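Data first, discussion second: the structure below is written as structure tokens.
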Amino acid sequence: MTVAAPSAPVQTATGQPPAEQPGRGIKPSGWTGLAFIAPNLLGVIAFTLIPLISVIALAFTDWNLVSGLGGIEFNGLDNFIAIARDPGFWNAVGLTLLYVGVSVPLTVVLGLALGTALNRPLPGRGVLRAIFFLPYIVNTVAIGMTWLMLMNPKSGLVNQTLDIFGISPGWFASSHWALPALIVMAVWGGVGYCSLIYLSALQDAPGQLYEAADIDGAGSWMKFRAITWPSLLPTTIFLAVTLIIGASQGFGLIALITSGGPGDSTTTISYYMYQTGFQFYRFGYASAIGLVTFLGVLVLTLVTWRAQRGRALHD
Amino acid sequence: MTKTPRQQQAARAKWYWGIPLWILGLAFLAPFAWMLSTSLKQDVDAFQVPMQWIPDPAQWENFKTVLVGPDSVLPAFGRSALVALLRVAGELITATMAGYAFARMSFRGRDKLFLLYLATAIIPAQLLLVPRFIYFQKLGLYDTLWALILPGMFTVLGTFLMRQFFVSQPGEFAEAARMDGASEWQIFSRIYLPQAAPVISALGILAFVWSWNDYETPLVLISSPEQYTLPLSLTNFVDEQGSIAPGLTMAASVVSIVPVLIVFVVLQRRFIAAMTHTGIK
């Protein structure tokens, strides 16, 4: 499961704990409480906690599927040293940063523009909102197969259209265009989701402030800068964090369409881990890559969070 | 009755923004229109220039082949439905009870346990694929639907969602019921559970869509075609060299979208609320 904020976006993003009710109607219940939690807890221990501990342990081993469970050998920090010297890993890191760095801001900014536009009175507004949201609920394979054919360099609909302007990118057949093609798909798939999140935030925007600004004769850009944008900041942080995690961890589309190619032009870090683990069966090394990636993404998320919060305080 | 100038201006502004947005909307919809159009075409016509949006004649045979042909996706459709059903039912039961206990019951170690849950929530599923692969092989569940169902039945995120809701509920009901001699189970099942219906349905929708669309987990944990779920089986119509049969692949894709689309259209408002308030895909 792709993991985002554990609670409602606004609450987490402002960093304030949700308002807890005082303990009215709660009485010490001893074993009963534990019994209510037990079914979920046992499952979480079995299918999440044990695998989590295993992946951390495996990261410090040299282990190949072929050698069987007896073949596990602890090798200390060897995997991490190897990662630091692995050009394949660093290539993947660069590609991932490029992919995330372009697709996430683009999705958020376009999502904001679209959300603002969809907040106006429009003919058939409900249908329009649903249309933009549609890509978000359709499975990766159906979407991937469709875009693969749409972006066929010779006869796909995309290049038929671009032909009017005299451009014809090679898309998934070209090592220069494969990553941009994935970015186009990510933006197309994410914009509607962002716009809907922004839309629900816009509907909570402080109405009196706009009236006051109208009286002061503020223009619409001023109003956006001074009122809308600051009030949307928690939502923006939430979306940025969610999209960063999603874009850096997903490998399904790449496994389906490009297998990391042409060459290694779309071998992002998550695909690199998938390849190491499930094509070469180097489980120890793959676990170490997974762990490093997780920590890297965590740092990236925290940096985004802090940078935005800093700006919020500054304003 | 004639419109005032102000109303006329508002109506004009509506179209002034409406027309470009509808053009953009149709452009966004184009891939789906292409999918639908191609699903009704013979393979040779798929890449015709210029694009023919309404296939003539419509090749309904494609759907027949996809549904009842030798590479039918129907068994995979059934498996996906079974997996989704069990996952949703399991997650709703275990998450509702655990979320309720975290919010409305007190017992030793509750807060420490909750912290553990919080820490687990930030772990991406992809990180757990390697150990789960090994683990399910040891348990003899690798390449069975159980490998997909079991982890989905016990989720930390579902528990959070339910806890958030139960925490916001007033305690007076419980006090009153307790004085009338109700058991803890009765307080949960008769008083608080019915209140939670909107949140439960939201979680149910999320869990269903996630399960139905999941591709990465079965890609790793399922290997034999007899166990394929629907997303995996959409590649049935791609040959060894990787060339795609466009008509059949698109017909199968349309079939795979229909259940989610039905849920979306029928429960649209609740669906969007579920998606926008949790950020889970």
Quick test of your reading of the structure: B:Arg178 fulfils all but one of (1) at pLDDT below 90; (2) not in a helix (DSSP H, G or I). Name the failing condition by number. (2)
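Out of B:Phe188, B:Phe237, I need the residue that is in contact with a Ser or Thr (Cβ under 6 Å, 6 or more places away or on another chain) and farther than 23 Å from B:Phe271 by Cβ. Which one?
The conditions single out B:Phe237.
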Of the residues A:Val127, A:Val138, A:Val158, which is surrounded by 17 or more Cβ atoms within 10 Å (Cβ to Cβ) and out of contact with any Leu (no Cβ under 7 Å at 6 or more places or on another chain)? A:Val138
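When residues of segment B:99-145 are filtered for being in a helix (DSSP H, G or I) and over 22 Å from the mean Cα position of the chain (by Cα), how many remain?
First, pick out the residues of segment B:99-145 that are in a helix (DSSP H, G or I): B:99-104, B:110-121, B:125-138.
If we keep only those that are over 22 Å from the mean Cα position of the chain (by Cα) too, we end up with B:100-104, B:110-119, B:130-131, B:133-138.
Count: 23.
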Sole miss for A:Ala288 among (1) without any contact (Cβ under 8 Å) to a residue 60 or more places away in the chain; (2) within 30 Å of A:Gly68 (Cα to Cα); (3) not basic (Lys, Arg) is condition (1)
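What helices (runs of 4 or more DSSP H), lying completely within segment B:185-281, carry at least 1 residues that are among the polar types (S, T, N, Q) and more than 10 Å from chain A (Cβ to nearest Cβ)? Steps first, answer last, please.
Details: elements: B:197-213, B:216-221, B:230-233, B:246-266, B:268-278.
In segment B:185-281, B:197-213 are the helices (runs of 4 or more DSSP H) which contain 1 or more residues that are among the polar types (S, T, N, Q) and more than 10 Å from chain A (Cβ to nearest Cβ).
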Here are the criteria: (1) more than 9 Å from chain B (Cβ to nearest Cβ); (2) outside any helix (DSSP H, G or I). Tell me which single one A:Thr116 does not satisfy. (2)
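Within segment A:289-315, how many residues are of a type in the set (Asp, Glu) and either buried (at least 17 other Cβ atoms within 10 Å of the Cβ) or modelled with pLDDT of 90 or more (or both)?
Initially, segment A:289-315 is screened for residues of a type in the set (Asp, Glu), giving A:315.
From what's left, either buried (at least 17 other Cβ atoms within 10 Å of the Cβ) or modelled with pLDDT of 90 or more (or both): none.
Of the residues in that region, 0 qualify.
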Quickly run through segment A:260-285 and pick out the residues that are of a type in the set (S, T, N, Q), assigned to a loop (DSSP other than H, G, I, E, B) and in contact (Cβ under 8 Å) with a residue 12 or more places away in the chain. A:Ser265, A:Thr266, A:Thr267, A:Thr268
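Taking segment B:94-112 as the search range and keeping residues that are free of Cβ contacts under 8 Å to residues at least 60 places away in the same chain and within 7 Å of another protein chain (Cβ to nearest Cβ), which one is surrounded by the most Cβ atoms within 10 Å (Cβ to Cβ)?
Within segment B:94-112, the subset free of Cβ contacts under 8 Å to residues at least 60 places away in the same chain is B:101, B:106-112.
Filter once more, keeping what is within 7 Å of another protein chain (Cβ to nearest Cβ): B:101, B:106-107, B:110.
Details: B:Ala101: 29, B:Ser106: 15, B:Phe107: 17, B:Arg110: 17.
This residue is B:Ala101.
Go over the candidates B:Phe188, B:Phe208 one by one and state the one that is touching a Pro at 6+ places or on another chain (Cβ under 9 Å) and over 18 Å from A:Met145 (Cα atoms). Step through it out loud before you land on a result.
Numbers: B:Phe188 fails: touching a Pro at 6+ places or on another chain (Cβ under 9 Å).
Being touching a Pro at 6+ places or on another chain (Cβ under 9 Å) and over 18 Å from A:Met145 (Cα atoms) holds for just one of B:Phe188, B:Phe208, which is B:Phe208.
From the list B:Ala207, B:Ala245, B:Ala252, B:Ala202, exactly one residue is more than 21 Å from the chain's Cα centre (by Cα), assigned by TED's automatic domain parsing to the domain that holds B:Ile93 and surrounded by 18 or more Cβ atoms within 10 Å (Cβ to Cβ). Which is it? Give the derivation first.
Values: B:Ala207 fails: more than 21 Å from the chain's Cα centre (by Cα); B:Ala252 fails: more than 21 Å from the chain's Cα centre (by Cα); B:Ala202 fails: more than 21 Å from the chain's Cα centre (by Cα).
Going through B:Ala207, B:Ala245, B:Ala252, B:Ala202 in turn, just one is more than 21 Å from the chain's Cα centre (by Cα), assigned by TED's automatic domain parsing to the domain that holds B:Ile93 and surrounded by 18 or more Cβ atoms within 10 Å (Cβ to Cβ): B:Ala245.
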Pairs returned, first residue in segment A:80-98 that is closer than 18 Å to A:Ala59 by Cα, second residue that is exposed (fewer than 15 other Cβ atoms within 10 Å of the Cβ), beta-carbon separation under 7 angstrom, 6 or more apart or interchain, are none
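How many residues are in contact (Cβ under 8 Å) with a residue 12 or more places away in the chain and either buried (at least 17 other Cβ atoms within 10 Å of the Cβ) or of a type outside the set (Phe, Trp, Tyr) (or both) if we restrict to segment B:52-68?
The first filter runs over segment B:52-68 and keeps only residues in contact (Cβ under 8 Å) with a residue 12 or more places away in the chain, leaving B:52-55, B:58-60, B:62-63, B:65-67.
Those left that are additionally either buried (at least 17 other Cβ atoms within 10 Å of the Cβ) or of a type outside the set (Phe, Trp, Tyr) (or both): B:52, B:54-55, B:58-59, B:62-63, B:65-67.
Number satisfying all stated conditions: 10.
Which residue out of A:Asn91, A:Asn119, A:Asn64, A:Asn75 is under 30 Å from B:Val266 (Cα atoms) and of a type in the set (S, T, N, Q)?
Details: A:Asn91 fails: under 30 Å from B:Val266 (Cα atoms); A:Asn64 fails: under 30 Å from B:Val266 (Cα atoms); A:Asn75 fails: under 30 Å from B:Val266 (Cα atoms).
Residue meeting the stated conditions: A:Asn119.
Answer yes or no as to whether B:Leu148 is more than 7 Å from chain A (Cβ to nearest Cβ), closer than 30 Å to B:Glu226 by Cα and of a type outside the set (Val, Ile, Thr). Walk me through it before giving the result.
Numbers: more than 7 Å from chain A (Cβ to nearest Cβ): yes; closer than 30 Å to B:Glu226 by Cα: yes; of a type outside the set (Val, Ile, Thr): yes.
So B:Leu148 fits the description; yes.
The values are calculated or read from the model by the stated rules, or taken from the named source; none is laboratory data. Since the structure is predicted, the reported quantities are computational estimates derived from the model, not experimental observations. Virtual Cβ from ideal backbone geometry, glycine too; neighbours counted across all protein chains shown.
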